[in-house]
1. Mind listing whichever residues of segment 2-46 are in a helix (DSSP H, G or I), surrounded by 17 or more Cβ atoms within 10 Å (Cβ to Cβ) and at pLDDT 70 or above?
2. Tell me the strands (runs of 3 or more DSSP E) entirely within segment 79-153 that contain at least 3 residues that are buried (at least 21 other Cβ atoms within 10 Å of the Cβ).
3. Answer yes or no as to whether residue 190 is in a helix (DSSP H, G or I) and modelled with pLDDT of 50 or more.
4. Of all residues in segment 50-63, which are surrounded by 13 or more Cβ atoms within 10 Å (Cβ to Cβ) and under 19 Å from the mean Cα position of the chain (by Cα)?
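The values are calculated or read from the model by the stated rules, or taken from the named source; none is laboratory data. Quick caveat: nothing in here was measured; it's all calculated off a predicted structure. Cβ atoms come from the backbone with ideal geometry, glycine included; neighbour counts cover every protein chain shown.
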Amino acid sequence: GAGTVFHFSVPLLQTAAPRSADIEVSPSEMDGRLLLILTTNENLANQLATSVGTWRMETIVARDVGEAELKIAGNKVPDAILIDETLTEPAELAFVKQLRTSHPTGWVRVIALGALGRLADLPAELVQLADGQLTKPVHRSQLFNCLQDLLIAENPADKTRDRKSRPSGAANSAIAKDLRILVTDDNPTNLRLAKLTLEHLGCHPDFANNG
């Protein structure tokens, strides 16, 4: 039979600009820096390379160690390596370790890329190598913040000591167990997502779908 046509409008509010849009990047900080992206996900690689290019950085994208070695040959050593969790075999981690000490400054920054809510599942050896961690999907502002924080560090060794002095995963889990968290939402899907995420962090929250 004949249907009914409904008309409605939705008012939208303009959100604040992300940090990456607010900060003027000095050429001395980001311009010409080289990022090696190790991932088998072509769409992810294209997204990362596009974002990095807007900050006047250069990129090399590789799906495995062999391709990375070929593309780096005759090129300068990367200033940073972003390695996906899917490329953490011993040969791949050994390659990253080798590159890490090949930079003229004696230090290549390493960023580990893991799934949302599963950073704790990253291989321990990769976590030890990494100076920073990002989750997929990668937000442009988070990528910018991570790269800026790592690439303009005056003393990378100090950053490593600072990172190692932070609470360990076990310590964070112990803290999480003492937290009392109440999650309220009338959307069952949101409640399930919150439950999975918080329990993965070691929390045991209470839930309510109304007042």
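1. Those that are in a helix (DSSP H, G or I), surrounded by 17 or more Cβ atoms within 10 Å (Cβ to Cβ) and at pLDDT 70 or above: 30, 44, 45.
2. Once the strands (runs of 3 or more DSSP E) in segment 79-153 are filtered for at least 3 residues that are buried (at least 21 other Cβ atoms within 10 Å of the Cβ), what remains is 80-84, 109-115.
3. Spelling it out, residue 190 is indeed in a helix (DSSP H, G or I) and modelled with pLDDT of 50 or more.
4. Listed by number, the residues that qualify are 51, 52, 55, 57, 58, 59, 60, 61, 62, 63.
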